[in-house]
1. Could you tell me the extents of the range 253-303's C-alpha atoms along the three principal axes, largest first, rounded to whole Å?
2. May I ask you to list the aspartates and glutamates whose Cα is less than 16 Å away from that of residue 112, ignoring any residue fewer than eight positions away on the same chain?
3. If the convex hull of the alpha-carbon atoms of the chain is projected onto planes in all directions, what is the mean projected area in square nanometres?
4. For the range 135-191, count all C-alpha to C-alpha pairs, find those more than 15 Å apart, and express that count as a whole percent of the total.
5. Please compute the net charge surrounding residue 316, taking Lys and Arg as +1 and Asp and Glu as -1 over other residues with Cβ under 14 Å from its Cβ.
6. How large is the dipole of the range 217-332 about the Cα centre if only Lys and Arg carry +1 and Asp and Glu carry -1, each at its Cβ, rounded to the nearest 20 debye?
7. Which value, in debye to the nearest 20, describes the size of the charge dipole of the range 111-200 about its Cα centre when Lys and Arg Cβ atoms bear +1, Asp and Glu Cβ atoms bear -1, and nothing else is charged?
8. Taking only the Cα atoms of the range 88-165, how large is their convex hull per residue, in Å³?
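Laboratory data are not the source of any read-out in this text; all were calculated from the coordinates shown. Worth saying up front: this structure is predicted, and the values here are computed from it rather than measured. All Cβ positions, even for glycine, are placed from backbone atoms using ideal geometry, and neighbour counts span all protein chains on display.
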Amino acid sequence: LKRHQVAFIGSGAWACAAAKLVAYNCKLSSEGTGEFAEAVRMWVYEEEVGGRKLTDIINETHENVKYLPGISIGDNIVACPDLLDAVKDADVLVFCTPHQFTRDICRQLRGKVNPTAVAISLTKGMRVRAEGPQLISELVRKNLNIDCSVLMGANIAKDIGNEELSEATIGYAVPSNGELFKRLFETPNFYVQLVPDIAGAEMAGTLKNVVALAAGFVDGLGKGPNTKAAIMRAGLNEMRSLAERIYPTVRDETFFESCGVADLIATCYGGRNRLVAEAYVRAYQSGFPKSFDILEAELLAGQKLQGVLTSDEVQSILQIKGWETEYPLFTTVNGIVNGLLPPVAITTYKSAALQSQ
Ligand code: NAD
Ligand code: 13P
């Protein structure tokens, strides 16, 4: 029996929580005649934690003490500091790093992965080139010449690490690959739905990080549920509109899945983008403003914000297309994160968007 060999590329909070789901299924599968091999190799961006290598700590304690402390991710996860070593022999690749690092990783992997491998991306973000945006799944597909599905959803890492009921959406192009990844990730408390809409799921997961910043501004200003709901509703509409405009195959229904409205709700209440945006407003109002980079370092202990970069990436698309005023919430968030507008502008975002031009 030839079993699938799974490799994880990334080892942050979500990568580790997702790896725990995969470790569970690979162990179960290997105990029977299942399709997955037990050991899952995980590429870890090596660093020292308390004077020891993080890979050594993970391999001894089965815990990523820096990025997902307190959670055992499984004794069949094997941490590897060498990227090529991690993917050697693998035919199922799971990408989960902050989006700003994926391009460089793909460059290193070009020509080095099994040509029959299949991939899935859990990364929320996009790259902008002169020709337009490139989603992370497209980046993987183009560079490695392999199929790449996506898994997106309302997936706050720590809660999934703690085995709380959660859902996710897998967007696929090749149905058998979608099914394979559902079997790899789904557990008794992690439900997976399949949608034949990679771009819709991935654009939803990417763009909600910008709306989460807006929700954090609202919280920092001390406004109530009406304002937050107004921002989330408008944000969902801008997400859907932009996704469908750039990728005409995107389906409306995708925005009602976990990757759409559910992820928006989870992130606008419990995510890191929300947290840091709230802190930005409080620092601003105290008269001692702090940059997003400083707040990220102070509040996230090495974890990475995606929303600020994504806001700039989205805005460059809107500028190239001349669509800024048609997306007033995105445009106002971008004005605030770049210091062109005060945080209070979020409460009048329709008129504020015109001022930040
Ligand atoms: P994280 O933010 O917790 O950790 C940052 C990771 O980046 C660490 O593993 C660190 O080692 C690594 N890193 C730092 N510098 C690097 C470099 N130069 N090259 C490569 N790696 C480097 O990571 P995460 O939470 O796993 O996030 C990965 C993706 O998953 C993001 O796109 C995020 O939006 C998405 N996501 C996160 C969550 C969550 O709750 N954390 C949930 C769903 C999706
Ligand atoms: P944050 O990066 O804002 O924590 O969002 C996590 C997430 O994507 C939950 O699904």
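1. 44, 24, 13
2. 82, 85, 89, 91, 104, 147
3. Working: hull surface 69.6 nm².
Value for the chain: 17.4 nm².
4. Every Cα pair in the range 135-191 considered, those over 15 Å come to 54 percent.
5. On the way: positive: 127, 129, 321; negative: 131, 312, 313, 324.
With Lys, Arg at +1 and Asp, Glu at -1, the neighbours total -1.
6. Details: 12 positive and 15 negative charges, 55 e Å.
So the magnitude is around 260 debye.
7. Details: 9 positive and 10 negative charges, 94 e Å.
That gives a dipole near 460 debye.
8. Details: hull volume 8.6 nm³, N = 78.
Here the figure is 111 Å³ per residue.
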